[in-house]
1. If I filter segment 275-286 for residues that are over 24 Å from G180 (Cα atoms) and of a type in the set (A, V, I, L, M), do I get at least one hit?
2. Any residue at all in segment 222-244 that's part of a loop (DSSP other than H, G, I, E, B), surrounded by 16 or more Cβ atoms within 10 Å (Cβ to Cβ) and more than 21 Å from the chain's Cα centre (by Cα)?
3. Which residue out of S171, S177 is over 16 Å from V281 (Cα atoms), touching a residue at least 12 places away in the same chain (Cβ under 8 Å), surrounded by 14 or more Cβ atoms within 10 Å (Cβ to Cβ) and touching a Cys at 6+ places or on another chain (Cβ under 7 Å)?
4. Which count do you get for residues in segment 114-128 that are assigned to a loop (DSSP other than H, G, I, E, B) and touching a residue at least 12 places away in the same chain (Cβ under 8 Å)?
5. Can you name every residue in segment 42-91 that is farther than 30 Å from L304 by Cα, in a strand (DSSP E or B) and either of a type outside the set (D, E) or touching a helix residue (DSSP H, G or I) at 6+ places or on another chain (Cβ under 9 Å) (or both)?
6. Name the single residue that is modelled with the highest pLDDT among those in segment 112-129 being among the charged types (D, E, K, R) and surrounded by fewer than 20 Cβ atoms within 10 Å (Cβ to Cβ).
7. Step by step: first the residues of segment 20-31, then only those that are assigned to a loop (DSSP other than H, G, I, E, B) and touching a residue at least 24 places away in the same chain (Cβ under 8 Å), then the one that is nearest to S108 (Cα to Cα). Which residue is that?
8. Here's a check for you: in segment 175-221, which residue that is acidic (D, E) and part of a loop (DSSP other than H, G, I, E, B) is farthest from P288 (Cα to Cα)?
Amino acid sequence: MGFIQALVARKRSRRRCSINTGGNTPVAFVNGEFLPLEQATVHIEDRGFQFADGVYEVIACFGGNFLDLKPHLERLKHSCDAVHISLPRPLYELEALVRELYARNSFSDAMIYIQITRGTAPRSHVINKAIEPTLVMTVRALPEPSERKTNKGLSAITLADFRWGRCDIKSTALLASVMGRYEAMAHGVDEAIWIDESGHVLEGCATNLFAVIDGSLVTHPLDHRILGGIMRDMVLRIAENEGMSLQQRCWSLNEPELSECMISSTTNAVLPLCTVDDRAVGNGMPGPVAALIRKRILAELDALRTG
């Protein structure tokens, strides 16, 4: 029996009994093995630990149906190719493993985290091309934004961008984002927004940014300064379906016709951003465009849950 056929057979067998063979104990995947999360470890000289020499993806699943699983895996391959890490499994095998891991856990709405590092080797900046990549996957319950965030909107601060220059690669080197979120927390706000040297909005620490400016939905174009979010693509598709004017261009928070801002991410879908640097965006309340796009996205996610 082939690899995929074996996974499918095991999944069908389990579903006749229970979605989770391990009770309430979360199950992880490490280098070819499914095992309890507390037993999931990698070597101390893994280059992901030593150098953040790795890439990752986070994929949402709703009631057993994944949101854009193939685009996520294709972006994972793009990140691996960009940093010259060999993909440890073909994409079709990775897809089967993601489905298998979800089935082994008890979460209905879940987020699956995939991390691939260059592998384990004695610590050296020199890359040993012969080592095997490390593949780690975990599953957690998909968090829902609070009622306060959905009803009243988010708040944020702006920070001068001090990240590395290839933000299009979904690298595990997230120290800048951790520092940004720390600053946001210290200021009592929800997000930190990266601003380039010309004052243009790039993205948040873990979010893409949109604005409504003179009736158009505006977002920074895809380049090395931002990560092309899967939810960002969904927002643009929905906006186009609604007949909205779209602009992918550089923009700033002080444009006179700016009336709304919003963020998008896998865990938040779309949420209004109503305060930045203690100043109201528009009238300081969630706007109609963010509300409409969020409504359309949530309807699609509900449709995923029902299959």
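The values are calculated or read from the model by the stated rules, or taken from the named source; none is laboratory data. All figures in this text were calculated on a predicted structure; none of them were measured in a lab. Here the Cβ is made from the backbone with ideal geometry for all residues, glycine too, and neighbour counts use every protein chain on show.
1. Taking every residue of segment 275-286 in turn, at least one turns out to be over 24 Å from G180 (Cα atoms) and of a type in the set (A, V, I, L, M).
2. Yes, segment 222-244 contains at least one residue that is part of a loop (DSSP other than H, G, I, E, B), surrounded by 16 or more Cβ atoms within 10 Å (Cβ to Cβ) and more than 21 Å from the chain's Cα centre (by Cα).
3. Result: S177 is the single residue among S171, S177 that is over 16 Å from V281 (Cα atoms), touching a residue at least 12 places away in the same chain (Cβ under 8 Å), surrounded by 14 or more Cβ atoms within 10 Å (Cβ to Cβ) and touching a Cys at 6+ places or on another chain (Cβ under 7 Å).
4. The total comes to 7.
5. G54
6. Out of the qualifying residues, it is R123.
7. Out of the qualifying residues, it is N20.
8. Residue satisfying both the conditions and the ranking: E197.
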